[in-house]
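Let me begin by presenting the structure, written as structure tokens, before commenting on it.
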Amino acid sequence: MTVELNALEQLRETPPFSLPQAEKRRILTSRVRELTQHHYERCKTYRNLIHRVFGGKKALEFTNLEDAPFLPVSLFKTQELRSTEADKVVKVVTSSGTTGQAVSRIYLDAETAQLQSQAMVKITQHFVGVQRRPLIVVDHSSAVRNRGSYSARGAAIMAMLLFGRRPFYCLREDFSLDLEGLAEYLHQNSDLAPIFFGVTYVVWKYFLEPLARAGQRLTVPKDSMLLHTGGWKKLQNQSVSPKEFRQTAEEVADIHRVASFYGMAEQVGSVFFENDLHFLQASNYSDVIIRDANTLEPLPHGQEGLVQVVSSLPVSYPGHSLLTEDLGVLRGEGQSGMQGQYFELVGRLPEAELRGCSDTFQERARQ
Amino acid sequence: MIPQTPAESSLAVKALAPSMERIELPALFARSWPAQTPFTPKRQRALVDLSQRILRDVILRNDPASVVLGYWLRRANIGRLAREFCDRVDRSPEVVHVPTGRVFHVAPANVDTVFLYSWAVAYLCGNANIVRVTGQQSPVLARLLALVAEQMETDDELRAANVFLTYAHDDKISGDISKWCTHRVLWGGDETVSYFRSLPLSPHASERAFSSKYSYAVVSASSYRTASDETVASLAQGFFNDVFTFNQMGCSSPHLVIWIGSEPDFEAVVPRFNATLREEIARRNYRGAASNATHRLRHAFDLACEAEVDFNPSEREFLAITLREPARLRKRICGAGLFTHVRANGLAEVVALVEPHDQTITHFGFSSEELCEFARLAGNGGIDRLVPFGEALSFDVIWDGYDLIGDCLRHVLVRSTHPGAQKHSMRSQPGAHSTIPCGDSRATFVATIE
């Protein structure tokens, strides 16, 4: 263990949304500098990138978080990026994004796995409470059946199982809604308000929309909560506004507390939860920088650009500063009842239209 | 695109020019498909008319690729092709040139103008044509097709001899059209070519396939270093056109700049080249697609994991990678404005890099003797074209190393059977069925289209 934990301890010892932005940024910058140095020493590929792209060792000495080196998140799909010995790896998280068939491979050692799950627990408990509530998974159970190779969807469900008890999968294999099963589950677990959880597009397409279409209205305990994540990547053309999503949940499922969170396999744990202003709130563990999609210049509040996520957690792989292909806008800080800044996710960069002389067959494959 | 619903399960295509919602294959094949002698004045005039329509069109005259197409189809160039055809006729007195008959063109989906070049050559040569274009038409492609359809309304032969169509990929439709044609032209990647090659042609038919290609620039570092500011600015203009016209996805768009020269020259010219391109981009106020930069970064970071390179990740609209380990050179296509500078000691080192899929070299600073010697040395190894900066995408009837006019013709050998008898040549006369020799008719037909 070569990383000095002081900065990390400062971020971890207080409640996850308690550090004012400036103070958090200062401590996080120090932590990210440690991590940058650490990965530079431990990961040859990362070291090469520091020299070839970021101008060498002087890139390790940044004082502003915006000047920290970053990797495109897609790099985990094509390169083995590891800052720990192979025999220290306890888990390889894989996830496929929407860009092609390549799969990210994230190497976790015991320390990073623990840091990530502790952060996830602290952040999530802030929103759902410490008590484990009945968990209704808006999906079918085979999404997590094969534990060797579940999808990003399955991985999200697996992570959420930690926070609920007696998970009930309310969709059948064919994605139809099991209303009778759901009613019986609610009846048998009426002591505590349940958490509904699912991937955004599944919740919409197979839960809220069918209920709305059928003109049905569920009756659920008063403090029931709907958590969703993953956004609209799968159903771009059906995308509904977050407001419409919440209103529909209220109207057809009687759920008045709806929250999404933003996270990725490359930075498990330090997720961004939807706050009371319906923006994504950075915790002590992480922060976000918005960059011009063309020049990569950091952008001020209010301007749309690429989302860079910075996390204090990744030790066993150089994933502490990642440039995503998601588009977001910084919306402010301190006005949400929580400390730290927050942003709005506005979409994803469309895939480059790079079909040239060589595409008549690919078109075939897409049909 | 044709929805593949059971109700429409009989084989049909959507004709875009002449415009018809739907045409069944039997009806398509039953059309008259008139063939003509090559280079009739009427067919030349049809192309010249189309040129004027394109160059006058409000949408197309703002699309650089369409303007280039419009110029290619203009009278002077079609006249040049006709004269070259006459030369061909004159050179081969024992050959009568007739059209191959029915040509099936499969156009690429994103280089909007290719289908019209391919078709124009075949039509000039006297053929009937079926041209398959993509179902997802860009505004430019849709406009080009609309102009062709419009012209068909007043040109019976144009309408009778050609159908521009689309259909969702379907083995049976592609297979039937493949059996119908006497010559098939495939524009597309290696996958497209392999796919269509599984669909047999008539045993008498021929095929020309244009598959995935890789192209690059080769520059004399010392010539560039000593070139005037004016020269390097015009090279930047040419390079911009070569790279950005189809978002660097034209098969002849360069992906490397190979500098021939010493290391000090290399270190001096690379920053100058990048700076002039930066200026050219600023001068044109060019903005590419929003996702181009991340696309380039993905590729560049990936390369930087594997080879000694440097680049500026925040460069606007392009990404110039300097590769310092030439042995690590990989001919991967990124597109969207990414290219790699690499140094070589001489053209002989470039010859060693040549591979069969290499198509175009855009060059600066070499004599024509050096370039011809290069082509001879590369030989059957690869490289089909060596053209100056700025002409990478200029279409010509010699393409990918093949003679497209020759492809669209059948060369009928007519040799006298009487030994010792005076040979008399059987010549194809463009635009005329009389027996006057081509040399004499040349003036006639050039006059016809003017």
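Quick notes on this one:
- Residues satisfying the criterion are absent from the range B:187-201 (criterion: charged (D, E, K, R), assigned by TED's automatic domain parsing to the domain that holds B:Asp112 and assigned to a strand (DSSP E or B)).
- Boolean, B:Gly70 is of a type outside the set (S, T, N, Q), modelled with pLDDT of 95 or more and more than 30 Å from B:Phe246 (Cβ to Cβ): no
- Check on B:Ala282, at pLDDT 95 or above and surrounded by 23 or more Cβ atoms within 10 Å (Cβ to Cβ): no
- Per-region count, the range A:285-320, residues within 13 Å of another protein chain (Cβ to nearest Cβ) and either closer than 30 Å to A:Glu85 by Cβ or part of a strand (DSSP E or B) (or both): 8
- Some residue of the range A:266-276 being aliphatic (A, V, I, L, M), surrounded by 23 or more Cβ atoms within 10 Å (Cβ to Cβ) and closer than 23 Å to A:Ser336 by Cα: yes
- Only one of the numbered conditions (1) in contact (Cβ under 8 Å) with a residue 60 or more places away in the chain; (2) part of a helix (DSSP H, G or I) is not met by A:Ala22, and that is (1).
- A:Leu8, sole failed condition from (1) modelled with pLDDT of 95 or more; (2) touching a Lys or Arg at 6+ places or on another chain (Cβ under 6 Å): (1)
- Scanning the range B:342-384 for residues that are of a type in the set (Val, Ile, Thr) and more than 19 Å from B:Met249 (Cα to Cα) yields B:Val342, B:Val350, B:Val351, B:Val354.
- Residue within the range B:123-144 that is touching a Cys at 6+ places or on another chain (Cβ under 9 Å) and under 15 Å from B:Phe210 (Cβ atoms) present: no
- Residue selected from the range B:183-220 under the condition hydroxyl-bearing (Ser, Thr, Tyr) and within 22 Å of B:Ile361 (Cβ to Cβ), by the criterion farthest from the other protein chains (Cβ to nearest Cβ): B:Ser220
- Single condition A:Glu363 does not satisfy, out of (1) modelled with pLDDT of 95 or more; (2) within 14 Å of chain B (Cβ to nearest Cβ); (3) not in a strand (DSSP E or B): (1)
- Test set (1) closer than 26 Å to B:Leu393 by Cβ; (2) within 14 Å of chain A (Cβ to nearest Cβ); (3) of a type in the set (A, V, I, L, M); (4) buried (at least 19 other Cβ atoms within 10 Å of the Cβ) - B:Ile173 fails condition number: (1)
- Any hit, the range A:57-75, residues being part of a loop (DSSP other than H, G, I, E, B), within 14 Å of another protein chain (Cβ to nearest Cβ), surrounded by fewer than 18 Cβ atoms within 10 Å (Cβ to Cβ) and over 18 Å from the mean Cα position of the chain (by Cα): no
- Among residues of the range B:350-379, those that are touching a residue at least 24 places away in the same chain (Cβ under 8 Å), acidic (Asp, Glu) and surrounded by fewer than 16 Cβ atoms within 10 Å (Cβ to Cβ), counted: 2
- Matching residues in the range A:154-203 - criterion: being under 22 Å from A:His256 (Cβ atoms), out of contact with any strand residue (DSSP E or B) (no Cβ under 7 Å at 6 or more places or on another chain) and in contact (Cβ under 8 Å) with a residue 60 or more places away in the chain: A:Val202
- Residues in the range A:183-236 that are within 18 Å of the chain's Cα centre (by Cα) and in a loop (DSSP other than H, G, I, E, B) were compared, and the one that is modelled with the highest pLDDT is A:Gly230.
- Taken over the range B:287-304, the criterion of being facing chain A (nearest Cβ under 7 Å), of a type outside the set (Asp, Glu) and under 19 Å from A:Ala293 (Cα atoms) is satisfied by B:Ala289, B:Ala290, B:Ser291, B:Asn292, B:Ala293, B:Thr294, B:His295, B:Leu297, B:Arg298, B:Phe301.
- Qualifying residue in the range B:144-167 (condition: more than 13 Å from chain A (Cβ to nearest Cβ), among the acidic types (Asp, Glu), touching a Phe, Trp or Tyr at 6+ places or on another chain (Cβ under 9 Å) and not in a loop (DSSP other than H, G, I, E, B)): no
- Criterion (at pLDDT 95 or above, over 16 Å from B:Gln36 (Cβ atoms) and of a type in the set (Ser, Thr, Tyr)) met by exactly one of B:Thr113, B:Thr154, B:Thr134, B:Thr100: B:Thr154
- Scanning the range B:305-357 for residues that are assigned to a helix (DSSP H, G or I) and either more than 29 Å from the chain's Cα centre (by Cα) or at the interface with chain A (Cβ under 10 Å from one of its Cβ atoms) (or both) yields B:Cys305, B:Glu306, B:Pro326, B:Ala327, B:Arg328.
- Any hit, the range A:28-43, residues being surrounded by fewer than 18 Cβ atoms within 10 Å (Cβ to Cβ), aromatic (Phe, Trp, Tyr) and at pLDDT 95 or above: no
- Conditions (1) out of contact with any strand residue (DSSP E or B) (no Cβ under 8 Å at 6 or more places or on another chain); (2) free of Cβ contacts under 8 Å to residues at least 12 places away in the same chain: number failed by A:Arg52: (1)
- The range B:235-280 - residue that is in a helix (DSSP H, G or I) and within 14 Å of another protein chain (Cβ to nearest Cβ) and, of those, nearest to the chain's Cα centre (by Cα): B:Asp242
- For the range A:273-280, the criterion of being of a type outside the set (Phe, Trp, Tyr), out of contact with any Asp or Glu (no Cβ under 7 Å at 6 or more places or on another chain) and not in a loop (DSSP other than H, G, I, E, B) is met by at least one residue.
The values are calculated or read from the model by the stated rules, or taken from the named source; none is laboratory data. Computed from a predicted model, the values in this text were never measured in an experiment. All Cβ positions, even for glycine, are placed from backbone atoms using ideal geometry, and neighbour counts span all protein chains on display.
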